[in-house]
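The values are calculated or read from the model by the stated rules, or taken from the named source; none is laboratory data. Predicted, not measured: the structure shown is a model, and the values here were computed from it. No Cβ is skipped: glycine too gets one built from the backbone with ideal geometry, and neighbour counts run over all protein chains shown.
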Amino acid sequence: MEAKKKTANQEISSWLATVGSDAPLQHSNPASLYLASLQGSEASRTTARSVMKQIALLCDQTADTFPWHRLDRATVLALMEKLKQKGLSDNTRNLYLSIIKGISREAMLHQQMSDHQFSLIEQIRAIKLQRLAVGRALHVDEIAKLIDHCLHDEGAAGVRDAALLGILFGCGPRRAEVVTIDINKINFSDRSIKVIGKGNKERELEMPPRTIDLVKTWLEESGLQFGPLFRPVNRWNQVAEDRRLTARGVYDIVTRRVKQAGLDKASPHDLRRSFLTYLLDNGEDLATAADMAGHASADTTRRYLRHQKRRNRAAADNIDF
């Protein structure tokens, strides 16, 4: 292991010595060009910026000064090895590799990197993943306790958080989607909300009655009539004028409220998991659940089939030898 570590560090040091201070021009920096090419949500660009920063830091550089256009296969493999040594998961390292390939593609397209050099980087294989969904599904009693806790909290933040939790569990959006909700995209007569999902595509969520009540209560409490539905609330109980919550803000709210309510740890994605598990456990077919979750493939939804796991276990128990 120590030998591998040394090899990765030596490879990167040797590469840096070769390229020197050959940083790309700011207006044609392939990293900036890659960011501009992303058509997804702002969350995608935020993630990419963070990854670029971490890659550059491995070489004591910044994302702006890092010589992206001079990357080669050996250096990328060394960077991947160094990330492994730092304890990053397979999934995270695949994300880093994907972004490096995207930046390299921009460098090649803008004639800053040869086709051959890019091809060698492009051929680096991602780590094959075989995983089950992790986390936990909350019971409906836990959801009710969580929402009641928020409603008993004095001030606008409690009412806002109850509505937020009501949408996360009742409609199952991703946290990056729930922050895109604008008030004019809520249709109470049709019981629907429109969000911006993956690939910058608009999709419609169906609201159960309890969610509708919670959202209406939040709108009455806040007096909001247009703009973002979910906004920061300051310590003086003032709702922000036209600033929306961030995906990180949603994460912080959910984890804080879960802790305050005395429940086991849970994240916003666990509320989405709870939504899917509830649908599937109550007999909804896989295609409907996948459509309601905004999954491109029902195979993704299949990972949430808790009752299938119970059936598999029961079938295994019947194998007698």
Meets criteria (in the same structural domain as VAL215 (by TED's automatic domain parsing), among the β-branched types (Val, Ile, Thr) and more than 20 Å from THR217 (Cβ to Cβ)) for ILE196: yes
If I go through the stretch 216-246 residue by residue, how many of them are among the hydrophobic types (A, V, I, L, M, F, W, C) and assigned to a strand (DSSP E or B)? 2
Looking at the structure I just gave you, is SER50 at pLDDT 90 or above and either touching a Lys or Arg at 6+ places or on another chain (Cβ under 7 Å) or in the same structural domain as MET108 (by TED's automatic domain parsing) (or both)? yes
Which of the numbered conditions does LYS201 fail, given that it passes all the others? Conditions: (1) exposed (fewer than 14 other Cβ atoms within 10 Å of the Cβ); (2) under 27 Å from HIS139 (Cα atoms). (2)
Can we say ASP60 is exposed (fewer than 15 other Cβ atoms within 10 Å of the Cβ), in the same structural domain as TRP15 (by TED's automatic domain parsing) and over 28 Å from ALA247 (Cα atoms)? yes
Give all pairs with beta carbons closer than 7 Å in which a residue from the stretch 174-201 that is part of a strand (DSSP E or B) meets a residue that is surrounded by 23 or more Cβ atoms within 10 Å (Cβ to Cβ) and of a type in the set (S, T, N, Q); count only pairs at least 6 apart in sequence or on separate chains. VAL195/THR180; ILE196/THR180
Pairs please, first residue from the stretch 212-240 and on the phi > 0 side of the Ramachandran plot, second anywhere and in a strand (DSSP E or B), Cβ atoms under 9 Å, 6+ apart in sequence or on different chains. GLY223/VAL239; GLY227/ASP182
Do we have LYS101 as surrounded by 14 or more Cβ atoms within 10 Å (Cβ to Cβ), among the charged types (D, E, K, R), more than 21 Å from LEU35 (Cβ to Cβ) and free of Cβ contacts under 8 Å to residues at least 24 places away in the same chain here? no
